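Please read the structure below before turning to the comments.
The values are calculated or read from the model by the stated rules, or taken from the named source; none is laboratory data. Note that the structure is a prediction, hence the values are computed from the model and not measured. For neighbour counting, all protein chains shown are included, and Cβ atoms are generated from backbone atoms with ideal geometry for every residue, glycine included. Just the protein is used for accessible areas: all its heavy atoms, side chains included, with ligands, DNA and RNA removed. Shrake-Rupley method; radii C 1.70, N 1.55, O 1.52, S 1.80 Å.
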Amino acid sequence: MISSGMGGMDSFRYMAHDAGGDECVGHTAKDHLNCVNTIKMEAVKRGDAQNMVDMLHAQIADWRKKEKNDEFQCSRKIPHSALPLTGLLGHAAKWLFGLGSL
């Protein structure tokens, strides 16, 4: 009934009518509304988690695309990094590969 778009109270009334009265349903209207709310919240959580997974996959695909483009262009002779000690690493690379004088 939830997937049909019927509200919580409407679904309870339908069940009560079908069962022959509120007392024949087997649970109270409050319990029914709490259950409907819980089911809806779980669906939202699953949807939010799936959206996050989709966003992460898209970000990774973008990184891979940029990575392949950088490798294709080979525009840098010495790797560039924003990490500390990059000057020391560049110096070592020049020395190791003979790209410049020390």
State all residues of the range 1-14 that are open to solvent by 60 Å² or more (accessible area, probe 1.4 Å) and modelled with pLDDT of 85 or more; if no residue qualifies, say none.
-> 9, 10, 13, 14
Can you find even one residue in the range 52-62 that is at pLDDT 75 or above, open to solvent by less than 90 Å² (accessible area, probe 1.4 Å), under 32 Å from the mean Cα position of the chain (by Cα) and under 30 Å from residue 13 (Cβ atoms)?
-> no
Is it fair to say residue 23 is modelled with pLDDT of 75 or more and either in a helix (DSSP H, G or I) or open to solvent by 100 Å² or more (accessible area, probe 1.4 Å) (or both)?
-> yes
Taking the range 26-39, which residues are surrounded by 12 or more Cβ atoms within 10 Å (Cβ to Cβ) and of a type in the set (Gly, Ala, Ser)?
-> 29
Could you look through the range 40-51, keep only residues that are open to solvent by less than 80 Å² (accessible area, probe 1.4 Å) and among the hydrophobic types (A, V, I, L, M, F, W, C), and pick out the one that is farthest from residue 9 (Cα to Cα)?
-> 49
Working only within the range 28-57, note down all residues that are of a type in the set (A, V, I, L, M, F, W, C) and touching a helix residue (DSSP H, G or I) at 6+ places or on another chain (Cβ under 6 Å).
-> 29, 33, 36
